[in-house]
Every structure is written in C-alpha cells, then in structure tokens.
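Presented below is the structure to which this report refers.
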Amino acid sequence: MAIIRPALHHVTFRTSRLDEMIVWYGLVIGATVNFRDAHAAWMTNDAANHRVAFLAVPGLHDDPDKNAHNAMHHSAFEYESFADLMASYKRLAGHDIHPAFCLDHGLTVSIYYRDPEGNFVELQSDVFGDWQKSGEWMRSAADFAANPIGTFFDPARVLAAHEGGTDAEALHRAMRGGDFVPAVIPNIGLPV
Ligand SMILES: [Fe+2]
C-alpha cells in the first residue's frame, strides 16, 4: 500500500520552567497560548491549534550532561527571507536574547538559540528561497557533502553588512566561505 504521509505538526517538551518557556517562545517565534493549566501549555504561531507544547509535571529535573545524552538536538522555524531572519535577530537582541551559534549550512542561513531549558531552536531562511532547489542542492552539491554542518558566522557582523546594503546572495557566499567566522568557535551542544 502507498504510504499516506502525515505533515510534521508540533513538538512537545518536558520542562520545569513552564512560565519562562511560554514567555520565551512567545518572544522568539511569536507563539501565543491556546490553552494552559498549572502543569502544561499548548502554543502556536500559525493556524495550527498548537506547534509547541510543554509538559511541566512535578518530578522533572535538569540533565547536567545534556550534550552527551541521546535526545533531540533542535527544532527549527523558517522565515520567508534572509531579511526577516536578520530583522528577527536584531529584534531578539533588543530583548537580550542572543544566539548560541550561527551556521551557514549552504541550503539555509541558520541562527540557533537556547531556550530556558537548554533546547536549541534554529531560526533559518532558505538560501534558494525554494524547497525544491535547496533539496536538490543538498542531494547533489559537492559543497554540502564537504561541509554538511556548515560554516560558523558572527551574526553582529553579518547584520552590519546586511544593513550596509550587501545583498543576501553575496552575504551567503561570504558566510559560507568563512569571511564572517567568529573569533571563538562555539560549542553546538555536542560532547567535546
Ligand atoms: Fe536544523
């Protein structure tokens, strides 16, 4: 029988910081609460009934060795444009929310934040502006095979260049090529 493919709908986190998570996801992705009680919440930033949810029952605790334990690494949200990604980076900096690390993956420009529980959230824009093209590039480009994780970039310097009028395509080439590598290479949430 043919596979009927369901669409990815939401992610649900365990948390002992329910209020902080609600505020953070509100600020970062513009999510609003559709329902909450003392021990759970469901939020969305589009027409779906929920996109992120939280279970906050007693008995949960932090993982001091999170980077070395098997688990989900990040969720990701995509903007329609590089300009929207940069505007959002700038807006969040105004709320004192700063990236954990930034990577030009070749197919996306990606800025990763750490939520109050230490889960990464990737905010991205598609380099090609077209999933068909970026998917084909991922499958076939020698550049991706040679560097699938990506090239780190310093978002403050990239924002300055963007606001100085450098276009997204030229900035992507420069980021991918290493022109905006930060002075200190951050840990990306993996064992060192
Ligand atoms: Fe990702």
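The values are calculated or read from the model by the stated rules, or taken from the named source; none is laboratory data. Just so it is clear, the model here is predicted, and its values are computed rather than measured. A quick note on method: Cβ atoms are made from the backbone with ideal geometry, for glycine too, and the neighbour counts reach across all protein chains shown.
Among Leu92, Leu103, Leu171, which is within 16 Å of the ligand (Cβ to nearest atom) and modelled with pLDDT of 95 or more?
Leu103
Looking at segment 20-29, which of its residues are out of contact with any strand residue (DSSP E or B) (no Cβ under 9 Å at 6 or more places or on another chain) and farther than 18 Å from Gln124 by Cα?
First, pick out the residues of segment 20-29 that are out of contact with any strand residue (DSSP E or B) (no Cβ under 9 Å at 6 or more places or on another chain): 20, 23, 27.
Correct list: Glu20, Val23.
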Check Asp154 against each of (1) over 17 Å from the mean Cα position of the chain (by Cα); (2) under 22 Å from Arg91 (Cα atoms); (3) in contact (Cβ under 8 Å) with a residue 40 or more places away in the chain and name the one condition it does not meet. (1)
Exactly one condition in (1) within 16 Å of the ligand (Cβ to nearest atom); (2) under 19 Å from Ser75 (Cβ atoms) is not met by Glu117; state its number. (1)
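Filter segment 65-87 for residues that are in a helix (DSSP H, G or I) and free of Cβ contacts under 8 Å to residues at least 40 places away in the same chain and give the result. Can you show your working first?
Just the residues of segment 65-87 that are in a helix (DSSP H, G or I), to begin with: 66-68, 82-87.
Residue satisfying the conditions is Ala87 alone.
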Report, by residue number, each residue of segment 95-128 that is outside any strand (DSSP E or B) and under 16 Å from His162 (Cβ atoms). Pro99, Val127
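Condition first: touching a helix residue (DSSP H, G or I) at 6+ places or on another chain (Cβ under 8 Å), assigned to a loop (DSSP other than H, G, I, E, B) and either without any contact (Cβ under 8 Å) to a residue 60 or more places away in the chain or of a type in the set (Phe, Trp, Tyr) (or both). Now tell me which residues in segment 1-37 satisfy that.
Filtering segment 1-37 for residues touching a helix residue (DSSP H, G or I) at 6+ places or on another chain (Cβ under 8 Å) gives 13, 15, 27-28, 31-33, 36.
With assigned to a loop (DSSP other than H, G, I, E, B) added as a condition, the list becomes 15, 31.
Within segment 1-37, Ala31 is the sole residue that qualifies.
When only residues in segment 130-164 that are among the aromatic types (Phe, Trp, Tyr) and part of a helix (DSSP H, G or I) count, which is surrounded by the fewest Cβ atoms within 10 Å (Cβ to Cβ)?
First, pick out the residues of segment 130-164 that are among the aromatic types (Phe, Trp, Tyr): 131, 137, 144, 152-153.
Next, from what is left, pick out any that are part of a helix (DSSP H, G or I): 131, 137, 144.
Values: Trp131: 11, Trp137: 16, Phe144: 16.
The selected residue is Trp131.
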